[in-house]
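These notes are about the structure you will find just below.
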Amino acid sequence: MTAPVYNFAYLDEQTKRMIRRAILKAIAIPGYQVPFASREMPMPYGWGTGGVQVTAAILGPQDVLKVIDQGSDDTTNAVSIRKFFTRTAGVRTTTATLEATVIQTRHRVPEAALSADQVLVYQVPIPEPLRFLEPRETETRRMHALSEYGLMHVKLYEDIARHGHIATAYAYPVQVASRYVMDPSPIPKFDNPKLSNCPALQLFGAGREKRIYAIPPYTRVTSLDFDDHPFEPYRHDASCELCAATDSYLDEVITDDQGNRMFVCSDTDYCEHRRALGHGPIAATQKEPADG
Amino acid sequence: MSAPAFGMAFASQAAFRALMECLSRPGEIRTLEGVGAPPPMAPATAALVRSLADYESPIWLDPAFAAAPAIAEWIKFHTGAPIVAAPDKAAFALVADSLAMPTFLKFAQGSEEYPDRSTTIIVQVERFAGPALTLQGPGIETTRDFAAAPLPADFAQRLRDNREMFPRGVDLVFVTGQAIAALPRSVRIVEER
Ligand SMILES: [Zn+2]
């Protein structure tokens, strides 16, 4: 990642035009996977090259970029992507969700409500939700063309037969605007409801698989389910031990070598923001108020 | 990172971003920095063409544009995009005479498997005013009114027929001098006034 900068945001203008045309089609056909000629990026595929290419194609000098990985701004992946765009595009970066105009993410949707002035870019490893049912691209194309999604429902129902509930916890399939079934990327299914009627544009980029797809703002997105087994977003039945949030997605982290664990917000900016507002550990909030 | 070095790149990005916003919010009007081009090409049309077209995206010109040889020369010089005679071979269609625009079926509709292989029609209009269409669909929170003039008398019916074909169909971009609005194939008309 130390090549000299010849182009704004690394990609040449011809590549950006090609990606931009694909993004425009993706918005016009919500949930449909648009093929694009993915380029080699100066980072390995597992590092979100699809998301990076989408971000590079939309980014302008006025943008403020946030990059999160599993909810955190501080992982190696998030830091290196942020540095990449600082160096190649000179854009401002932030960790504050509310300050960002473009948010590139891997594996989470921010807890804070997004606005119409923001674009959320997802890094996608496997864009085809039907791939595990059908390895052939020609066949999955045909299934999408005919809205032939029965097999997908059968797979989910097998989960219920085997486990008593739908066991899929990540990359839980959704249907966009009552048409295309879409992989929301490996976000926890807790995040699925945030995809629906979101004021922000959501773009999805898969580098290795060369696909771009989109959810326009204010688009109905439903998680596949059944009348007798409705979709249920899962979260640990606990509150964050740092900020006492009861509404955020929690990570269970090991705190010492005795195997002690604690639950904390996966979204570090959300947690820090709450603590800055005075929300603290549960023990503290249960104390008598000083003026009481 | 100086402005002169990236000036053209920034202009392309700004025009693209305006169109991305318009397609994301059907019927909403945005202004963008226009580019000078021979008549009858509007500055915003020229900005979009320079931002999005290249040798991989054939362009069809309506008779009003085709009648001005300087237009094809300008497009070839600035973008390298081939000019095609068959509208169903075009990635972009440029329409200067909005009243006479061909029916959408003359353009590429994409296939059921690849609905993205379709034409985006850029239509120059005189103003965003006139009888309104009330729209719903992805990108619209409740409903949104859209008006452009002049348009063919059966425009609303054409748009309904286009929606019937979803996910196939064409996407529409409307341009006045410096302003643009878009109607992706996903929009539905809920009321006509
Ligand atoms: Zn917290």
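Structural remarks
- Inter-probe distance in nm under a simple model that places probes 7 Å from Cα toward Cβ, at A:VAL64 and A:LEU98: 1.1
- Under 15 Å, Cβ to Cβ, from B:ALA37 - net charge with Lys/Arg +1 and Asp/Glu -1: 0
- Chain A: relative contact order in percent, alpha carbon pairs under 8 Å with at least 6 residues between: 20
- Percent carbon-and-sulfur accessible area, the protein assembly as shown, ignoring ligands, DNA and RNA, probe 1.4 Å: 54
- Model label sites at A:LEU151 and B:ALA67, defined 7 Å from Cα along the beta-carbon direction, differ in position by 5.5 nm.
- At full extension, A:ASN7 and A:THR138 could sit 43.6 nm farther apart than now, given 0.36 nm per residue minus the alpha carbon distance.
- Residues in region B:166-183 that, when all protein chains are in place, have 10 Å² or more less accessible area than the chain alone would give (probe 1.4 Å): B:PHE166, B:PRO167, B:ASP171
- Relative contact order of chain B, defined on C-alpha pairs under 8 angstrom at six or more residues apart (%): 24
- Fully extended contour minus Cα-Cα distance, from B:GLN178 to B:ALA129, at 0.36 nm per residue: 16.1 nm
- Note that chain A presents 43 Å² accessible area per residue, ligands and nucleic acids not counted, probe 1.4 Å.
- With a cut-off of 10 Å between beta carbons, the residues surrounding B:GLU56 carry a summed charge of +1, where Lys and Arg count +1 and Asp and Glu -1.
- Extended-chain gain in nm, criterion 0.36 nm per residue less alpha-carbon gap, A:HIS229 and A:ARG261: 8.4 nm
- Within the straight-line cut-off of under 19 Å between alpha carbons, the aspartates and glutamates reachable from B:LYS76 are A:GLU13, B:ASP54, B:GLU56, B:ASP62, sequence neighbours fewer than 8 places apart in one chain being disregarded.
- A simple count of charges around A:ARG261, restricted to other residues whose Cβ falls under 11 Å of its Cβ and scoring Lys, Arg +1 and Asp, Glu -1, yields -4.
- Euclidean distance of C-alpha centroids, region A:1-78 and region B:76-119, integer Å: 27
- Sites A:THR222 and A:ARG131, calculated FRET efficiency, Cβ-Cβ separation with R0 25 Å, nearest 0.05: 0.75
- Long-range tail of P(r) for region B:3-192 (Cα pairs > 25 Å, %): 30
- Protein-protein interface of region A:15-29, residues with accessible area decrease of at least 20 Å², isolated chain reference, 1.4 Å probe: A:ARG17, A:ARG20, A:ARG21, A:LEU24, A:LYS25, A:ILE27, A:ALA28, A:ILE29
- Highest GNM mean-square fluctuation among B:LYS89, B:LYS76, B:LYS106, for chain B modelled with Cα contacts below 10 Å: B:LYS106.
- Here the simple spin-label model places points 7 Å from the Cα toward Cβ, and for B:ARG160 and B:PHE10 these points are separated by 4.8 nm.
- Accessible area expressed per residue, region B:3-192, with surrounding protein chains retained (probe 1.4 Å, Å²): 39
- Across region A:1-93, the mean sequence separation of Cα contacts (distance under 8 Å, 6 or more residues apart), normalised by length, yields a relative contact order of 32 percent.
- Hydrodynamic radius by Kirkwood, which averages 1/r over all alpha carbon pairs of the protein assembly as shown, in angstrom: 23.8
- Burial here means at least 30 square angstrom less accessible surface with every protein chain in place than with the chain by itself, probed at 1.4 Å; in region B:51-74 the buried residues are B:LEU52, B:ASP54, B:GLU56.
- Chain B against chain A buries an accessible area of about 3400 Å², both chains summed, 1.4 Å probe radius.
- Residue pairs exceeding 31 angstrom between C-alpha atoms, taken from A:LYS16/B:LYS89; A:LYS155/A:LYS210; A:LYS194/B:LYS106; A:LYS25/A:LYS66: A:LYS194/B:LYS106.
The values are calculated or read from the model by the stated rules, or taken from the named source; none is laboratory data. Quantities reported herein were computed from a predicted structural model and do not represent experimental measurements. As a convention, Cβ positions derive from the backbone with ideal geometry for all residues, glycine included, and neighbour counts pool all protein chains shown. The area values use the complete protein model at the heavy-atom level, side chains included, leaving out ligands, DNA and RNA. Shrake-Rupley method; radii C 1.70, N 1.55, O 1.52, S 1.80 Å.
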